[in-house]
Amino acid sequence: MNTLVVPRTRTILSLDAEGSTTRTNTGRALLRRVMYQLLEEALRVSGITPEHHDDFSDRGDGVLVLIRPVDEAPKTLLLTTVIPTLSALLAEHAAREPDQRLRLRAAVHAGEVHYDDRGCYGEDIDLTFRLLNAPALKRTLRQADAPLVLAVSQDIYRSLIRHGYEGIDGNAFEPLMRVRMAGRWVRGWVQVPGTYDSPAAAVSAARI
């Protein structure tokens, strides 16, 4: 019997922790707890509540967040507030608990997502993971002093970043990667977000 496949539009954010495979299982448990706590705080500070997104999809050493297309959670909010706030929270945590330091890769895309009884799937999710796991992004994080690096898709760059919307510095993004997707090469743009003294400072800077 044929099953009706209906796409739903989502903004896609995926995170992955650096060096998780070098940690013990107890170390991974701590990493996961911290990652989820800081992600939830960054979303809360940004005004994105659970009613604005699907349940988180756990990825072991990472997480997938699918944000619904509502006016309260525009795609720009991820770039202007969520990512800089998360970067600030990571820096604060590392300063407070240096032996629990956590560094993340992040990828942002938007598109059509499908669901079944086992979870979510679709080409746009696959593309987000290709960006997240690209060697160029991993290399950028290894070489960076910052606790987080961000990759965005060509679609996000063209529809948002290049237009110079308030709080988004297009000059901070570089076309450092290409990933293979559905038989074609797709450009990815990379940013190393600035860190701030506090999440409140990150939000204030984003609003200037």
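Numbers below:
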{"read-out": "Region 8-207, dipole about Cα centre (Lys/Arg Cβ +1, Asp/Glu Cβ -1), debye to the nearest 20", "value": "720 debye"}
{"read-out": "Integer Hz, Karplus 6.51/-1.76/1.60 couplings in order for region 69-83, x for Gly and Pro", "value": "x, 10, 4, 6, 9, x, 4, 4, 4, 4, 7, 8, 10, 4, 5"}
{"read-out": "Three-way shape call for region 1-50 based on the alpha-carbon gyration tensor, with the a/c threshold at 1.5", "value": "oblate"}
{"read-out": "Sequence ranges 118-125, 34-41, ranked by mean other-Cβ count within 10 angstrom, highest first", "value": "34-41, 118-125"}
{"read-out": "Structure-derived percent of Cα pairs over 28 Å apart: which label, when the choices are [x] 33; [y] 23; [z] 26", "value": "[y]"}
{"read-out": "Dipole axis of region 143-183 (+1 Lys, Arg; -1 Asp, Glu on Cβ), positive-most option in V149, H163, M177", "value": "M177"}
{"read-out": "Anisotropy class of region 1-100 from Cα gyration tensor, a/c 1.5 cut", "value": "oblate"}
{"read-out": "Helix-derived mean residue ellipticity, 222 nm - over the chain, DSSP H n ≥ 4, -39500 (n - 2.57), to 500", "value": "-10000 deg cm²/dmol"}
{"read-out": "Ranked by how many other beta carbons lie within 10 Å on average, peptides 26-33, 172-179 from highest", "value": "172-179, 26-33"}
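Read the figures in this text as sums done on the coordinates, not as results from a lab. Model, not experiment: these values are computed from the prediction. Cβ sites come from the backbone with ideal geometry, for glycine too, and all protein chains shown count toward neighbours.
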